Amino acid sequence: MGISLMSNFNAPYFSTPMKEFWKRWHISLSQWFRDYLYIPLGGGKCSRGRKCLNLMVTMLLSGFWHGAEWHYVAWGGVHGLY
């Protein structure tokens, strides 16, 4: 029918570094957070401290997206620390 959908998972649990895990996990959602949150915040084209803050905000909001409960936000915070 000519419809092509992007893959959303690419065996994330077979990755060893956390960075590779996030490239393979929720691919479409990760790209949305990158394009509409992380890059408008300044992305990685700023000071090291600001880059870390941008990553943490993005990961915390990613955790909040999964559910409006504190353990999801904590999950985002843990991944933000990685």
Inset, instruction - Among Leu29, Gly43, His71, pick out the residue whose Cα is farthest towards the positive end of the charge dipole of the chain, where Lys and Arg carry +1 and Asp and Glu carry -1 on C-beta, about the Cα centre. - result: Gly43
Legend entry - Carbon and sulfur %, accessible surface of the range 1-49 computed with the full protein complex present, 1.4 Å: 60 percent
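Averaged per residue, what accessible surface does the chain expose to a 1.4 Å probe, in Å²?
That works out to 76 Å² per residue.
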Legend entry - Cα shape, the chain, gyration tensor, a/c 1.5 rule: prolate
Inset, instruction - Considering only protein heavy atoms, with the full assembly of protein chains and a 1.4 angstrom probe, order Ile27, Ile3, Ile39 by accessible area, largest first. - result: Ile3, Ile39, Ile27
Legend entry - Order of exposure, largest accessible area first, which applies to Lys51, Lys45 with probe 1.4 Å: Lys45, Lys51
Inset, instruction - Assuming R0 = 25 Å, can you tell me the calculated FRET efficiency for the pair Ala11 and Leu81, based on Cβ-Cβ distance, to the nearest 0.05? - result: 0.55
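Where nothing but the Cβ of Lys and Arg (+1) and of Asp and Glu (-1) is charged, how large is the charge dipole of the chain around its Cα centre, in debye to the nearest 20?
It comes to approximately 380 debye.
The values are calculated or read from the model by the stated rules, or taken from the named source; none is laboratory data. Worth saying up front: this structure is predicted, and the values here are computed from it rather than measured. Reconstructed Cβ throughout: ideal geometry from the backbone, glycine too, with neighbour counts over all protein chains shown. Accessible surface areas use protein heavy atoms only, side chains included; no ligands, DNA or RNA. Shrake-Rupley method; radii C 1.70, N 1.55, O 1.52, S 1.80 Å.
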